[in-house]
Amino acid sequence: MITVTGVGVAMPGVESAAELAAASGPQGTVDPKEILGKKGLRYKDRATQLGLCAALRTVTDAGLHADGELTVEGTRVAVLVSTNLGNVDTVCRVAKTISEEGTYGVSPMDTPNASSNITASEIAIKYGFKGPNLTLCNGPTSGLDAVRWATALLRADRADQVVVVGVEPDNEIVRSLVGGPVADGAAGLVLERAESARERGSKVRAVIGAHTRSSDLATGVGELAETETEKPAAFFAPGTAADELIPGPPRHDLAAAWGELSGALGIVQCAAAVGALESGTDGPVWLVAGSDSDDGVATLVLHHPSRADVELVAH
């Protein structure tokens with residue numbers, strides 16, 4: 001059994017999963033200096049700064065860090081980041097400079113930030129995590145896909161804990177690419193096996209249920225319904241396309257409230273779902289990312305943390 005033992009949120013005006021579940025949209029902006037302090041932020045792009053904020057709150061919530069010190073074996077902690085637009089501003093700026101001035105015009109401060117894995121790498125370096133390190137950037141399903149890859153790492157015993165962060169920045173270049181405002185925030189999860197959580201004395205925030213990956217919405221939701229025995233108490237999905245496929249429970253559309261979430265969507269959905277479960281949602285929460293107009297659809301179920309206690313006792 002794979003559990004969620006940590007949640008962190010760095011969304012405009014929101015600082016916790018419960019606040020995220022109740023929020024109706026952004027208020028203000030996230031100031032990384034207030035969360036991380038001023039030291040070490042210079043030359044880091046906006047996505048990396050936001051990712052570091054969410055990661056700090058996540059690993060602190062999970063007890064992987066206490067008083068600035070790592071409390072677990074760093075070589076057994078993996079980092080997965082989901083972002084489709086993360087450092088595109090840096091990449092475009094570097095490409096423009098090379099086109100106009102040649103490679104000699106490129107600032108050495110920009111070069112590291114042009115790597116698509118920069119946010120995942122910076123999180124690992126700052127917090128001492130030396131396990132597998134990976135960035136996913138494959139469209140709207142990317143966040144839920146990252147959770148699936150995290151569970152695969154845990155089941156394959158490649159890690160004891162996996163820090164999963166979804167982040168997207170808002171800037172002029174990103175807006176020009178997506179045609180509108182982006183959420184400009186991040187959220188994170190810590191996933192680990194239930195046995196590990198019990199050994200560490202960690203609080204289980206949710207239990208990971210079924211996950212599907214399909215080419216269309218009806219197939220993905222149908223496969224989820226065949227796998228899960230309990231009907232959902234709520235579900236998160238962009239737009240209204242899933243309403244007829246999941247009739248009954250209330251739907252939450254985070255993209256409508258926060259703006260384009262892109263690669264951060266699935267992780268922000270997970271964080272909000274944890275907040276909903278902790279605030280009294282009675283039953284599993286289904287998550288849907290992607291649509292028939294995208295190149296794929298991903299689904300995921302989060303169960304109430306009490307399921308971990310029942311299954312561990314039965315085991």
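The values are calculated or read from the model by the stated rules, or taken from the named source; none is laboratory data. Remember, it's a predicted structure, so these values are computed and weren't measured experimentally. Here Cβ is always computed from backbone atoms with ideal geometry, including for glycine, and neighbour counts include all displayed protein chains. Heavy atoms of the whole protein, side chains included, go into the accessibility calculation; ligands, DNA and RNA do not. Shrake-Rupley method; radii C 1.70, N 1.55, O 1.52, S 1.80 Å.
Observations on the structure shown:
- Once region 63-84 is narrowed to residues that are farther than 17 Å from Ala197 by Cβ and part of a helix (DSSP H, G or I), the residue that is least open to solvent (accessible area, probe 1.4 Å) is Gly74.
- Where a residue in region 162-189 is open to solvent by 20 Å² or more (accessible area, probe 1.4 Å) and its partner, wherever it lies, is of a type in the set (Lys, Arg), with Cβ under 7 Å and at least six apart: Asn171/Arg46; Pro181/Arg175
- When Thr97 is tested against (1) modelled with pLDDT under 85; (2) in a loop (DSSP other than H, G, I, E, B); (3) of a type in the set (S, T, N, Q), only condition (2) is not met.
- Qualifying positions in region 1-26 - modelled with pLDDT of 90 or more and assigned to a loop (DSSP other than H, G, I, E, B): Met1, Pro12, Gly13, Ser16
- Residues within region 132-157 that are assigned to a loop (DSSP other than H, G, I, E, B) and open to solvent by less than 40 Å² (accessible area, probe 1.4 Å), tallied: 1
- When Ser196 is tested against (1) in the same structural domain as Trp149 (by TED's automatic domain parsing); (2) closer than 27 Å to Asp295 by Cβ; (3) polar (S, T, N, Q); (4) surrounded by 14 or more Cβ atoms within 10 Å (Cβ to Cβ), just one condition goes unmet, and that condition is (2).
- Hey, Met1 open to solvent by 50 Å² or more (accessible area, probe 1.4 Å) and either under 30 Å from Ala308 (Cβ atoms) or not assigned by TED's automatic domain parsing to the domain that holds Leu300 (or both) or not: yes
- Evaluation of His65 against (1) within 20 Å of Gly259 (Cα to Cα); (2) touching a helix residue (DSSP H, G or I) at 6+ places or on another chain (Cβ under 6 Å) (one fails), failing number: (1)
Per-residue answers, yes or no, for (1) on the phi < 0 side of the Ramachandran plot; (2) of a type in the set (Gly, Ala, Ser); (3) outside the structural domain of Gly28 (by TED's automatic domain parsing):
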| residue | (1), (2), (3) |
| --- | --- |
| Ala225 | yes, yes, yes |
| Lys231 | yes, no, yes |
| Ala237 | yes, yes, yes |
| Thr240 | yes, no, yes |
| Gly248 | no, yes, yes |
| Trp258 | yes, no, yes |
| Gly266 | yes, yes, yes |
| Thr281 | yes, no, yes |
| His304 | yes, no, yes |
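- Leading residue by the ranking (farthest from Ala54 (Cα to Cα)) among those in region 108-131 that are touching a strand residue (DSSP E or B) at 6+ places or on another chain (Cβ under 8 Å), modelled with pLDDT of 85 or more and open to solvent by 30 Å² or more (accessible area, probe 1.4 Å): Lys130
- Search result, residues across region 68-85 that are among the aliphatic types (A, V, I, L, M) and within 28 Å of Gly259 (Cβ to Cβ): Val79, Leu80, Val81, Leu85
- Restricting attention to region 205-229, the residues that are open to solvent by 30 Å² or more (accessible area, probe 1.4 Å) and β-branched (Val, Ile, Thr) total 3.
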